[in-house]
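The structure under discussion appears below in the form of structure tokens.
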Amino acid sequence: MLIEKFVLTPFQQNTRIVACEATRRAICIDPGERSDGLVDFVNARGLTLQSIALTHGHLDHVGGTTALSKEFPEAEIILHKDDEDLYYGLPQQPLLMGMSPNQLEALGFAYEAPPTLTRNWEHGESYEVGELRFSVRHCPGHTRGHVVLAEESQKKVFVGDCLFEGSIGRTDLPGGNYEQLIESISSNILSLGDDFVVYSGHGRETTVGSERVNNPFLNGGYQIGRGSFI
Ligand SMILES: [Fe+2]
């Protein structure tokens with residue numbers, strides 16, 4: 001299993017190319033912005049990009065979809081239906097974050113309407129990439145339509161913005177829900193097992209076991225309502 005990380009956007013988002021080494025089939029998980037490095041990597045390694053696999057619809061995860069899709073028009077574009085409003089609303093997302101319309105070009109957040117999705121993720125589906133097999137798990141809470149992709153034989157899970165080393169995703173943006181996110185993490189990520197490596201949308205890799213023990217949002221160290229660490 002080949003995993004290459006590209007840290008993109010001012011949000012330092014982890015865009016990844018994940019490939020089956022035996023078949024050279026690959027996916028791009030969350031292209032954050034247009035990147036020649038991404039395109040060059042796929043071509044230089046002789047990979048076939050079969051899909052742009054989106055964990056959720058936030059701009060720092062989907063902002064490079066248009067450019068990558070133009071380079072690899074055969075690649076499917078897949079997102080959960082509950083994040084379609086975010087995805088198709090990409091040009092408006094920076095405004096909702098408080099940026100002013102006349103700043104967008106200079107800041108690199110002037111988006112055109114993204115290409116039409118090929119299809120939606122379904123919770124529980126098995127998604128094959130060559131000899132790799134990802135189980136697709138709907139994990140609402142950061143956004144309504146967030147999914148994580150778990151390759152169970154390789155014990156690796158790509159969690160987008162659900163879970164980070166020592167933290168969890170924001171729940172204060174539209175569609176966010178703290179209780180739902182904790183439930184999603186518990187049911188669909190922690191349940192995988194302590195030896196799974198966690199690939200987050202920002203920051204370093206971690207493991208399920210390390211987060212179960214050390215993450216204050218998961219080990220009882222932080223209590224919602226009190227709004228403080230205890
Ligand atoms: Fe996000």
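The values are calculated or read from the model by the stated rules, or taken from the named source; none is laboratory data. Everything quoted here is computed from the prediction, not taken from an experiment. Quick reminder, even Gly has a Cβ in these numbers, built from the backbone with ideal geometry, and neighbours come from all protein chains shown. Please note that ligands, DNA and RNA were not included when accessible areas were found on the heavy atoms of the full protein model with its side chains. Shrake-Rupley method; radii C 1.70, N 1.55, O 1.52, S 1.80 Å.
Tabulated data
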item: Amide H within-cut-off set for residue 23, under 5 Å, with H built and near neighbours excluded; result: 131
item: Hits among aspartates and glutamates - C-alpha to C-alpha of residue 155 under 12 Å, sequence gap 8 or more where chains match; result: 194, 195
item: Area of residue 36 that stays accessible when all protein chains are in place (1.4 Å probe, Å², to 10); result: 90 Å²
item: Under-5 Å amide H pairs with residue 207, H placed in peptide plane, nonlocal only; result: 198
item: Per residue accessible area of the stretch 35-123, 1.4 Å probe, in Å²; result: 47 Å²
item: Eligible lysines near residue 70 by straight Cα distance, threshold 30 Å, same-chain separation 8 or greater; result: 5, 81, 156
item: Percent carbon-and-sulfur accessible area, the stretch 62-207, ignoring ligands, DNA and RNA, probe 1.4 Å; result: 48 percent
item: Sorted peptide list for 113-126, 74-87, criterion being average Cβ within 10 angstrom, highest first; result: 74-87, 113-126
item: Share of alpha-carbon pairs per 10 Å distance bin for the chain, given as whole %; result: 8, 34, 37, 17, 3, 0
item: Integer Hz, Karplus 6.51/-1.76/1.60 couplings in order for the stretch 24-31, x for Gly and Pro; result: 6, 7, 9, 10, 10, 8, 6, x
